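Reading through the structure tokens given below for one structure.
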Amino acid sequence: MRHPYTCRQLVAAFDGTRLPQQEEVSWAMFRDVSHTGLSFLSKSKPSSKLLVVAVGPAPFSFLVAEVVRTKRRNDLEGRPYHVGCSVLRELTE
């Protein structure tokens with residue numbers, strides 16, 4: 001079950017091994033979250049199928065998420081992308 005989670009969080013493309021550098025990270029407005037997935041609004045379409053997502057207050061928890069759907073939201077100001085993801089695992093290293 002998804003729960004509303006409206007706040008700005010950090011998102012970056014992930015190649016599966018190298019953690020993103022600070023300049024590769026951007027803010028996204030999260031919409032909802034569950035133990036298996038999350039969604040957020042972004043100005044740009046994700047450039048990678050895998051993402052690193054920082055969630056919660058600092059110090060953040062870092063999750064690896066897989067993009068499962070991306071849709072342009074023409075009904076919202078700025079026409080952001082609505083990105084839906086499955087959570088694959090937490091980064092603990």
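The values are calculated or read from the model by the stated rules, or taken from the named source; none is laboratory data. Since the structure is predicted, the reported quantities are computational estimates derived from the model, not experimental observations. When we count neighbours, we look across all protein chains shown, and the Cβ atoms used for this are built from the backbone with ideal geometry, even at glycine.
Is it the case, given these coordinates, that R31 is crowded, with 17+ Cβ neighbours inside 10 Å, of a type in the set (D, E, K, R), in contact (Cβ under 8 Å) with a residue 24 or more places away in the chain and touching a Leu at 6+ places or on another chain (Cβ under 9 Å)? Before the answer, list the steps.
Numbers: crowded, with 17+ Cβ neighbours inside 10 Å: yes; of a type in the set (D, E, K, R): yes; in contact (Cβ under 8 Å) with a residue 24 or more places away in the chain: yes; touching a Leu at 6+ places or on another chain (Cβ under 9 Å): yes.
So R31 fits the description; yes.
Among residues of the stretch 70-89 being under 13 Å from the mean Cα position of the chain (by Cα) and among the small types (G, A, S), the one that is surrounded by the fewest Cβ atoms within 10 Å (Cβ to Cβ) is S86.
Conditions tested, residue by residue: (1) out of contact with any Phe, Trp or Tyr (no Cβ under 9 Å at 6 or more places or on another chain); (2) among the polar types (S, T, N, Q); (3) surrounded by fewer than 16 Cβ atoms within 10 Å (Cβ to Cβ).
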position	(1), (2), (3)
V11	no, no, no
D15	yes, no, yes
E23	yes, no, yes
L38	no, no, no
P46	no, no, no
V55	no, no, no
S61	yes, yes, yes
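Against the list (1) assigned to a loop (DSSP other than H, G, I, E, B); (2) of a type outside the set (F, W, Y); (3) touching a helix residue (DSSP H, G or I) at 6+ places or on another chain (Cβ under 7 Å), the condition A12 fails is (1). Of the residues in the stretch 53-66, not one is at pLDDT 90 or above, in contact with a strand residue (DSSP E or B) (Cβ under 7 Å, 6 or more places away or on another chain), over 17 Å from D32 (Cα atoms) and not aliphatic (A, V, I, L, M).
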